[in-house]
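As structure tokens, the structure follows; a few thoughts come after it.
Read-outs throughout are calculated quantities, based only on the coordinates presented, and are distinct from any laboratory measurement. The model shown is predicted, which means the values in this text are computed figures rather than measured ones. Note that each Cβ is placed from the backbone with ideal geometry, even for glycine, and that neighbours are counted across all protein chains shown.
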Amino acid sequence: MNKSEKISLFEKIAYGGGDLASNFILVLSSTFVTFFYTDALGLNAAIIGMIMMVSRFLDGTTDIIMGFIVDKTKSKYGKARPWLLWLSIPISISLILMFMVPNTGDLGKYIYVAITYNLVTTILYTAINIPYGALTSLMSRDQDQRMVINIFRMTMAQIGSLIINAITLPIVNALGGSAHQNSWILASIIYGIIALILFLLCFYKTKERVKVSEIEKTEQKISFLKSLKLCLKNDQWLVLVIYWVVMAFGMAMNMSVGTYYAKYILGNENFSGFLMAVSTLPVIVFMPLLPPLIRKIGKCKVAITGGIISFVAYSLMAINPTSMNWLLFCAVIKGIGQSATAGTIFAMVADTIEYGQWKTGVRTEGMLYSSTTFGAKIGMGIGSAIAMAILGVVGYDGLLATQSETVLQVLKALYIYIPIVFSICMPLLLHFFYKLDNIYPQVMDDLEQREKSIKKA
């Protein structure tokens, strides 16, 4: 089983570069693209929200399909790594196309948005990010190594998020202004090139080490429905799916209206990126410090602590929601909480893969990882769609310089009050239902004994 194999520092950095690349794609195509659609193109917020909700449901479905494909992939590069090579260029080009909306009238624009948005998020991002995520469980079976790999991954992801959130609107404004489409196209070209380079670095400098036995390979020749049923038997994985839905729903409410909140309540749209960047900095600082704490008390307890801190941060925001200085203070606290969540979630998912193999006798990392992200995307899709739909219903118009008092109150609710509810549900869910940390050593010992028995036979 070779659980103690060490992974070089450069390989960990290269792997983290894959999530850095993913964030250049993801943040631009989620956090900022709605603002581009409504305030640069003048499209209706409710219709955009509906397109995104349908896209997220389709996206969740393609996640599961892609996970099944990853489990069946066989190439000289492995089962996960080759997808980074095959799709790095297509996804970078599609990101640029998403902002090249032609002037074909509103109907034509909506059709183009639906096609290109789904091309980026539903098809290509899924097809490259699912195998990338599954690669964690293929690089090592050592729980400690996986934890460290995950720390590198999430630290670099947060660095990407910080960079994009902090500089995107300033770059767009420097290139001509957020109301001008060409500015967004130029920014997408820059981000697409950077993502391409990072994806290729991740492909060339990482290695798949985990090889299952011949008997297990035979057992894995199963249908899509059988694979899905095996996932549903994994109770600890189900807990994480629900956890991710709750987390994503709350985050979607907050993030989808962040730029609008900054523009119309704080008085400067650039404050949105600044607030996100400030909340990201503590994640980058504290996440590398997590391994000793995780080794001492376990991933679950660290994640629970992070959830409680995030709940406190959102609650404090409600005290003075129109003060930029106060929101900056709260953003720092929220970032500390998010560091614990980001530093544990993917490592916990990797643990459920071993647990699933232990419980069912079949190893399906692609299906388990992709089905977990299905929960995240459903949460993000529903949350974003509801937020945009509500804005549309109360009369938001991106072409107006000011918004009605009703719109402003709704922005406060979506940005602060609703996320408070979801942030407290997260630690409660883990506390009462996630038990894998306690039994994981026994799981790995049993798997090792099984493999020794197979080899002797």
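Each of Leu327, Gln403, His431 was placed along the dipole of segment 310-457 (beta-carbon charges, centred on the mean Cα), and the one lying farthest toward the positive end is His431.
Using only side-chain charges placed at the Cβ, +1 for Lys and Arg and -1 for Asp and Glu, the dipole size of the chain relative to its Cα centre rounds to 1360 debye. Sorted largest first, the spans of the alpha carbon positions of the chain along the three principal axes are 74, 45, 38 Å. Distant-in-sequence amide contacts of Gly78, defined by a placed amide H-H separation under 5 Å and a gap of 5 or more residues or a different chain, comprise nothing.
So what's the net charge close to Met367: Lys and Arg +1, Asp and Glu -1, counting the other residues with Cβ under 13 Å from its Cβ? Around Met367, the charge tally is +3. Normalised by the number of residues in segment 316-393, the average gap of Cα pairs under 8 Å and 6 or more apart makes the relative contact order 15 percent. Annotation for Ile115 and Ala174: the two label points, set 7 Å from Cα along the Cα-Cβ direction, are 3.4 nm apart.
Helices assigned as whole DSSP H runs in the chain whose Cα atoms extend at least 18 Å along their own long axis and whose mean Kyte-Doolittle hydropathy is 0.5 or higher are found at 9-27, 45-72, 81-99, 125-139, 143-174, 181-205, 235-256, 270-286, 299-317, 324-342, 365-393, 418-433. For the pair segment 64-142 and segment 400-449, the centres of their Cα atoms are 26 angstrom apart. Positive contributions from Lys and Arg (+1) and negative ones from Asp and Glu (-1), summed over other residues with Cβ under 12 Å from the Cβ of Ala14, come out at +3. Basic side chains Lys and Arg get +1 at the Cβ, acidic Asp and Glu get -1 at the Cβ, and with that the dipole of segment 1-62 about its Cα centre reaches some 180 debye. What is the distance in Å between the Cα centres of segment 284-298 and segment 310-370? Rounded to whole Å, the Cα centres lie 14 Å apart.
Stretching the chain fully between Arg295 and Val54 yields a gain of 82.7 nm (0.36 nm per residue, less the alpha carbon separation). Of the listed pairs Lys207/Lys233; Lys205/Lys435; Lys74/Lys205; Lys74/Lys211, which have alpha-carbon separations greater than 24 Å here? Too far apart for the 24 Å limit: Lys207/Lys233; Lys205/Lys435. Ordering Leu232, Leu97 by the number of other Cβ atoms within 10 Å of each residue's own Cβ, fewest first, gives Leu232, Leu97. With a Förster radius of 25 Å applied to the C-beta separation of Thr104 and Ile189, the computed FRET efficiency comes to 0.70. Sorted from longest to shortest, the spans of the Cα atoms of segment 1-103 along the three principal axes equal 56, 28, 22 Å. Packing, as the average of other Cβ atoms within 10 Å across residues, places the peptides 314-321, 45-52, 355-362 in the order 45-52, 355-362, 314-321, highest first. Among the listed pairs Lys12/Lys359; Lys301/Lys377; Lys72/Lys301, those with a Cα-Cα distance over 31 Å are Lys72/Lys301. Distance between the modelled labels on Phe329 and Ile242, one decimal in nanometres: 3.7 nm (7 Å Cα→Cβ projection).
Percent of Cα pairs in segment 320-457 per distance bin of 10 Å, from zero to the largest separation: 9, 26, 27, 18, 11, 6, 2, 0. When Ile439, Ile378 are sorted by how many other C-beta atoms sit within 10 angstrom of their C-beta, beginning with the fewest, the order is Ile439, Ile378. Pairs of Cα atoms nearer than 8 Å and 6+ residues apart set the relative contact order; for the chain it is 28 percent.
Residue exposure proxy: Cys202, Cys425, Cys231, ordered by other Cβ atoms within 10 angstrom of their Cβ from fewest to most, comes out as Cys425, Cys231, Cys202.
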